[in-house]
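This report refers to the structure that appears directly beneath it.
The values are calculated or read from the model by the stated rules, or taken from the named source; none is laboratory data. Since this is a predicted model, take the numbers as computed values, not measurements. Here the Cβ is made from the backbone with ideal geometry for all residues, glycine too, and neighbour counts use every protein chain on show. All accessible areas refer to the heavy atoms of the entire protein, side chains included, with ligands and DNA or RNA removed. Shrake-Rupley method; radii C 1.70, N 1.55, O 1.52, S 1.80 Å.
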Amino acid sequence: MSIALDADEEALAQAAAELCRRRAPLSSIRDRLEELACGDRGAGWSNLHQHGLLTLHLAEEIGGGGATLVDLAVVAEQLGRQLLAGPWLPTVLASGALATVTDDSARTWLDLFVEGAAGAVVLGGLTAVELEDGLRVSGGTDVVPGLIGADIVLARAELGDGRVWFVLRPGEVDLRQVAGIDLTLSAGRFELDAHPVPPERIMAVDDEAADLVGAALVAAQAAGVAAWAVETAAEHLRTRHQFGKPLGAFQVLQHRAAMMLVRAEAAAAAAWDAARAPQQRRDQWRLATAQALVTAAEPAVDVVFDLVTLLGALGVTWEHDAHLYLRRASALAGLFGPSRHWARVLGEAVRHGERSSRLDDPAALPELRAEVGAVLDEFVTLPAEDDRHLDAWGRWTGGDRQALLADARLMAPHLPAPYGRGAGPQEQAVIADEFGRRGLVQPTLIVGDWALATLVAHGSDEQRTRFVDASQRGDIIWCQLFSEPEAGSDLASLRTRATRVDGGWRLSGQKIWNSRACESQWGICLARTDAEAAKHRGLTYFLVDMASPGVLARPIQQMNGQAELAEVFLDDVFVPDDCVVGEPGEGWRLAMATLSSERLNMGSRLRYGSSGLARRLLDDGAHRADEGDVLAVVGECAAREICLASMNLRTVLGRMSGRDMAAENSVNKVLSSIAQRDGSRALFGLLGPSGLDAASPYVADHLGMPAILFGGGTIEVQLNVIASRILNLPKA
Ligand SMILES: Cc1cc2nc3c(=O)[nH]c(=O)nc-3n(C[C@H](O)[C@H](O)[C@H](O)COP(=O)(O)OP(=O)(O)OC[C@H]3O[C@@H](n4cnc5c(N)ncnc54)[C@H](O)[C@@H]3O)c2cc1C
């Protein structure tokens, strides 16, 4: 998926991509590399100008497009994907920085940009002193992309404790061309020695905003480069044959390509989050931008490196375009500095506040908001759950609070009325927002959510009356009896048998890894009712009363000492006909529907390796690492959470604009599992000797985390799904 979410953004993305393909195709770059290095603007420059893509972000009253930063990021991504040559990025960085000037002093220069001028931005290497008649600037600049051939050079210099921005014209200083890493545009540097800058050239640029805008565009271009690498890798894996079959049929390569896609999707979501943030408070913008630099810029380089290895020797040649993209990705990653630095910046920032992933539309659905708000205001006045209503893991099992939410149909608002509110994406987002405003976590029945979704869609009226309300109030706890000793990832190979008898079925077999089975009243169970049918077709979906004679649930102790899981033995267990859901033989279809319920996941509080736990480690000092290293880990954990939350939010918005977001589920699942694994591992790595103490919350996180890697399908199985359904790779 690209950064574009709604129809307008998609149209803009397509127009930008089409312009590149028709007016400045990649094939045209290779003949012009020398000219590009000398400041040629590339084949598409006049078209970019003509179509307003150089000034999309500038105010309409001065001739710009009046577009949002998201629109500009949509274009940046496409120009990265098509590897448009020339100084588009330096130009919009320069004009974007000048557009933050609130007085009229920048107007002359902005007018030149509207006329099609090219720009470059000097971000580092200069220092200034202030005199009565302006500035004196000295120093040597970093390598500046697009410097050679620029009409306007916007430079930044250190001035005392702050910074000052000013404009130079190219003829005024001695520009030196250098060989830039990115071959698709010029690069240069210059030195100044007490160079005078008159007052009218000094620009009151919002220094921080200029960086934040620039970083979002860099992240967006990096996401585009990563997307190209994924497409190119998939195409190569489909067409290149070795050992008598396409490379894409080798699972190790499928997984590598699928991981590339996951990282590219994360980069796009991260860049989108940074681009949408200017409408929010400045602290939110800072958080979003720092995470984008952590998640998009350097990771895009890794994605292109992965492509290079998938291409084999072809990947290291001058002939293949991979090196042009690798160069662009590397140049982008270098522009704003190392991602470790931004992780530390983010780590420091999340000490003082969290990134909000709420839907930014407080005016949406005011009546629903008021109604839900009133219920939740009452909710917080009720006494918090006492011990009778908490299970061994601190989760709700009834009580007044749960009853209130159940009566208000807020336990599962996505279910159709009268079981839920029939809440679509926007309604669910508003409800989630009302919970979030009060610092409340939305309730989940876990397996109960899946069971009820199936009953509401496929069960009988009698089943719905019997189970839905009682489950939502917490009077019935559900477990899922699917996995078996010989049927894990390959669930359809399960062997538990159901034999037809008078009035129902008799079930025999063994289930395993069943969460909460020892405390559940009911279980959803898949069993084989037709041994002759194809393996996915002979299964039936049963509701099993866990108190039935012949059911034995035995706890399984996990590596962290807890016993959340159980193995369940079914010995000739009678299940009446009224506890069959749907028709016999439909079990697989219903189970798949169960697991992909329409409930939206808002926000992203990770259970393991969370930024909250990382902050706690920083604050309580129970580590043996340098504070900077701990801060970086805090920032990395936060970046993963923010990125996941923005992926979830994008799923909501995508569904609201009618897109099919089913494929995103596997990507989100992989990213979430990896986020928890990497976060928890990184936290443990900071502990030193205090990691020997089993009572430490960080050790509990470390030992509890592995279990998260299996629920809802393993990472590998999700990567298989991505490889076949999204990347269209051949069967392994
Ligand atoms: C905490 C926890 C809670 C669970 N809760 C429930 C529950 O409530 N109800 C329930 O029915 N089950 C539950 N499960 C079981 C879970 O669904 C299975 O563990 C999961 O489906 C994997 O099956 P398996 O453990 O048999 O591993 P296997 O399928 O044997 O897999 C072993 C390894 O091989 C990999 N692998 C398997 N097949 C492939 C393939 N085709 N390609 C590439 N790699 C592959 C897997 O990714 C894994 O790394 C739970 C598991 C855990 C850990």
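Candidates in region 689-708 are the residues that are open to solvent by less than 50 Å² (accessible area, probe 1.4 Å), touching a residue at least 40 places away in the same chain (Cβ under 8 Å) and in a helix (DSSP H, G or I); of these, the one that is farthest from L606 (Cα to Cα) is S690.
Which ones in region 176-195 are in contact with a Leu (Cβ under 7 Å, 6 or more places away or on another chain) and farther than 27 Å from G42 by Cα? Correct list: L192 only.
Yes or no: G603 open to solvent by less than 30 Å² (accessible area, probe 1.4 Å), at pLDDT 95 or above and under 18 Å from the mean Cα position of the chain (by Cα)? No, not satisfied.
Tell me which residues, restricted to region 39-69, are within 24 Å of L175 (Cβ to Cβ), hydrophobic (A, V, I, L, M, F, W, C) and open to solvent by 20 Å² or more (accessible area, probe 1.4 Å). Those that are within 24 Å of L175 (Cβ to Cβ), hydrophobic (A, V, I, L, M, F, W, C) and open to solvent by 20 Å² or more (accessible area, probe 1.4 Å): A43, W45. Under the condition of being touching a Gly at 6+ places or on another chain (Cβ under 9 Å), more than 21 Å from L287 (Cα to Cα) and of a type in the set (A, V, I, L, M, F, W, C), the residues counted in region 626-666 number 2.
Residues checked against (1) away from the ligand (no atom under 16 Å from the Cβ); (2) of a type in the set (S, T, Y):
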site	(1), (2)
N648	yes, no
A663	yes, no
S666	no, yes
S672	no, yes
L683	yes, no
S696	yes, yes
I722	no, no
N728	yes, no
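Of the candidates A220, A157, the single residue that is in contact (Cβ under 8 Å) with a residue 24 or more places away in the chain, outside any strand (DSSP E or B) and closer than 25 Å to V101 by Cα is A220. The residues listed here are L54, L12, L48; of these, the one that is in the same structural domain as L183 (by TED's automatic domain parsing), part of a helix (DSSP H, G or I) and either within 29 Å of the chain's Cα centre (by Cα) or modelled with pLDDT under 95 (or both) is L12. Filtered by the rule that a residue be polar (S, T, N, Q) and open to solvent by less than 20 Å² (accessible area, probe 1.4 Å), region 479-538 gives T496, N514, S520. Scanning region 482-511 for residues that are near the ligand (Cβ under 8 Å from one of its atoms), under 21 Å from C579 (Cα atoms) and either in a loop (DSSP other than H, G, I, E, B) or modelled with pLDDT under 95 (or both) returns F482, S483. Looking at region 548-560, which of its residues are within 20 Å of I512 (Cβ to Cβ), part of a loop (DSSP other than H, G, I, E, B) and away from the ligand (no atom under 14 Å from the Cβ)? Passing the criteria: S548, G550. Scanning region 607-632 for residues that are without any contact (Cβ under 8 Å) to a residue 24 or more places away in the chain and touching a helix residue (DSSP H, G or I) at 6+ places or on another chain (Cβ under 8 Å) yields one hit, E627.
The requirement of being away from the ligand (no atom under 16 Å from the Cβ) and either open to solvent by less than 30 Å² (accessible area, probe 1.4 Å) or charged (D, E, K, R) (or both) is fulfilled somewhere in region 447-455, by at least one residue. Restricting region 4-33 to residues that are under 20 Å from R650 (Cβ atoms), of a type in the set (G, A, S) and in contact (Cβ under 8 Å) with a residue 12 or more places away in the chain, the residue that is most open to solvent (accessible area, probe 1.4 Å) is A7.
In region 53-64, the residues that are at positive phi and in contact (Cβ under 8 Å) with a residue 24 or more places away in the chain form Cβ pairs under 7 Å with partners that are outside any loop (DSSP other than H, G, I, E, B) and of a type in the set (A, V, I, L, M), at six or more places apart or across chains, as follows: G63/V114. When region 709-720 is limited to residues that are open to solvent by 50 Å² or more (accessible area, probe 1.4 Å) and either in a loop (DSSP other than H, G, I, E, B) or more than 15 Å from the ligand (Cβ to nearest atom) (or both), the one that is modelled with the highest pLDDT turns out to be F710. Taken together, the criteria exclude R537 from residues that are over 26 Å from T444 (Cβ atoms), in a strand (DSSP E or B) and more than 15 Å from the ligand (Cβ to nearest atom). The condition (being open to solvent by 10 Å² or more (accessible area, probe 1.4 Å) and outside the structural domain of D71 (by TED's automatic domain parsing)) is satisfied by just one residue among A194, A227: A227.
Going residue by residue through region 345-356, is there one that turns out to be open to solvent by 40 Å² or more (accessible area, probe 1.4 Å) and among the acidic types (D, E)?
Narrowing region 345-356 to residues open to solvent by 40 Å² or more (accessible area, probe 1.4 Å): 345, 348, 351-352, 354, 356.
Keeping just the survivors that are among the acidic types (D, E) gives 348, 354.
Scanning region 345-356 turns up at least one residue that is open to solvent by 40 Å² or more (accessible area, probe 1.4 Å) and among the acidic types (D, E).
Within region 79-89, being open to solvent by 10 Å² or more (accessible area, probe 1.4 Å) and in a helix (DSSP H, G or I) holds for R81, L89. Restricting region 469-481 to residues that are in a helix (DSSP H, G or I) and farther than 21 Å from L526 by Cβ, the residue that is farthest from the ligand (Cβ to nearest atom) is D469.
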